[in-house]
Amino acid sequence: MKKKKEDKSFLKKVWHFIWIEDSLASWIVNVILAFLIVKFIIYPLLGLLLGTGYPVVAVVSGSMEHNGLDFDSWWANNGNWYENEGFTKEEFYDYSFRNGFNKGDIIILRGINAENIKRGNVIVYSTNRYKYPIIHRVVKKEGELGSYIVETKGDNNSQQDPEEISEDKLIGKAIFRIPFLGWIKIIFTWMIGG
């Protein structure tokens, strides 16, 4: 009986320390707990639900930015490349993320099979050339089941990406954008020298 009371007393102290106490030590423990819960519970559950090992990514470059321009103004400056590749303004207008997104945004991804990728989709893929995955728009898809090759371009880049993306490099398709929240990761990575 004494053991149960001691256990209950200990749990009350821990609960009080975490949720009620207003000290630096309590704050540090809360930050660590929040990190662990997100990293080891929420992130893996999101990955399971969305079918990808990377359900949430921070945009770390400006390659998809439209520099604050509305769609028509952006198209007037950049549409020639797309028109030369067979895209129309009307077709592009119906694409997801037709207004691009910015460095520092968070993008939610869903896993995707190569056969379901369409021209105009925004995808994330890994590459041997860069440390971080890349998020760009699909401009071409060739091949057949099991051997598709995808070509991409950043909306803010003047040319298509030089690398062809094989199916095994695909991480996911962008489905939702949360502005600015990715700056937390970018700043943290910069601070620790990553």
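The values are calculated or read from the model by the stated rules, or taken from the named source; none is laboratory data. Just so we're clear, the structure is a prediction, and the values are computed from it rather than from any experiment. All Cβ positions, glycine included, derive from the backbone under ideal geometry; neighbour counts span all protein chains shown.
Quick one: which residue in 100, 51, 104 is over 20 Å from residue 179 (Cβ atoms) and within 14 Å of the chain's Cα centre (by Cα)?
Exactly one residue qualifies, and that residue is 51.
Among helices (runs of 4 or more DSSP H) lying entirely in the range 24-115, which contain 3 or more residues that are hydrophobic (A, V, I, L, M, F, W, C)?
Passing ranges, in order: 24-37, 43-50, 71-84.
For the list (1) more than 14 Å from residue 64 (Cβ to Cβ); (2) surrounded by 17 or more Cβ atoms within 10 Å (Cβ to Cβ); (3) of a type in the set (D, E, K, R); (4) touching a helix residue (DSSP H, G or I) at 6+ places or on another chain (Cβ under 8 Å), I need the number of the one condition that residue 185 fails.
(4)
Cβ contacts < 6 Å: first residue surrounded by 13 or more Cβ atoms within 10 Å (Cβ to Cβ), restricted to the range 31-50; second residue at pLDDT 90 or above, any location; separation 6+ or different chain. Result?
Final answer for the pair search is 46/55; 47/53; 47/55; 50/110.
Among what's in the range 65-110 and is in contact (Cβ under 8 Å) with a residue 24 or more places away in the chain and β-branched (Val, Ile, Thr), pick the residue that is farthest from residue 170 (Cα to Cα).
Filtering first and then ranking leaves 106.
Somewhere in the range 62-82, is a residue in contact with a Pro (Cβ under 9 Å, 6 or more places away or on another chain), modelled with pLDDT under 95, of a type outside the set (D, E, K, R) and under 21 Å from residue 135 (Cβ atoms)?
no
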